Each structure stands twice: as C-alpha cells, then as structure tokens.
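Data first, discussion second: the structure below is written as structure tokens.
Only the coordinates and a few stated rules stand behind these numbers; no lab work does. None of the values given here were measured: they were computed from a predicted structure. Here the Cβ is made from the backbone with ideal geometry for all residues, glycine too, and neighbour counts use every protein chain on show.
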Amino acid sequence: FGATSLFPSNHRMADYLKATLRGDIAEEAAKYSKVLLTPDQGSHYDQLIEIDLTTLEPHVNGPFTPDLAHPISKLGNNAKKNDWPNEIKVGKFFTFNFIYIVSM
C-alpha cells in the first residue's frame, strides 16, 4: 500500500517531533541531517519535478487501511453515507491527551 518517502530533516520536523514529545528523535536526526539524504557534490538529475503543495486538497486516510483516502471536501458526506462515527471527544490517558472518536 502506498509508497515510502525519504527526505532530509529540518527545523520544522524537529519542532514537530518536540511538540509530540519525541525530542530525543529530533536530536538524533540532527546528528545525521548534514551527512545523510543530501545530494553528492556536483550531482545532476535527469528530471526535476516541482509540486505546488498549495494546489493539493488535504485528504484523510482510512478507516482501517491507508489506501482509503478521502478528500476533505467529501469526508463529511462519506462519513454519513458509510455511517462512520462522527463525534470527537477529548479524554485523558495517563499524562497524555488523546483525541478519540466515539459513536453515539
């Protein structure tokens, strides 16, 4: 299902990892970010593909499998049509906040 992507770590990824309580991973990635996943000096590519991410509609994947992607604009109708849970509640589990979906 899907594809695997590799991309260099940067400050935005580090900020995200720290915000999600994974600062240790951010620190480890910083050790290698300048030597791994960087082009070799003088390297040339056969083709350069540029994608303007602002033109792509966000999607939500699932339920159950990542190949069931739903554009945000159709998610509400798809949820109603498939009788998916549609209420979100916030609860506490140990010291972390989790969002979970419950059906009414």
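If you take the square roots of the eigenvalues of the alpha-carbon gyration tensor of region 10-71 and sort them as a ≥ b ≥ c, do you get rounded (a/c under 1.5), prolate (a/b over b/c) or oblate?
Taking the square roots of the gyration eigenvalues as a ≥ b ≥ c, region 10-71 is oblate.
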Fewest to most Cβ atoms within 10 Å: Asp15, Asp46 sort as Asp46, Asp15
Partner lysines for Lys31 [C-alpha distance under 26 Å; skip if fewer than 8 residues away on the same chain]: Lys18
Determine, from the Cβ-Cβ distance of Asp52 and Glu87 and an R0 of 25 Å, the FRET efficiency 1/(1 + (r/R0)^6), rounded to the nearest 0.05. 0.10
Tally Lys and Arg at +1 and Asp and Glu at -1 over the other residues with C-beta under 14 Å from the C-beta of Ala30: what net charge comes out? +1
For a footprinting-style exposure proxy, rank His11, His59, His70 by other Cβ within 10 Å, fewest first. His11, His59, His70
Radius 15 Å from Cβ of His59, net charge of other residues (Lys, Arg +1; Asp, Glu -1): -1
Sequence-distant or interchain residues sharing an amide H contact under 5 Å with Asn86, placed H: which? Met104
Those GluC sites (Glu not before Pro) from region 1-90 that are DSSP loop and have at most 12 other Cβ neighbours within 10 Å turn out to be Glu50
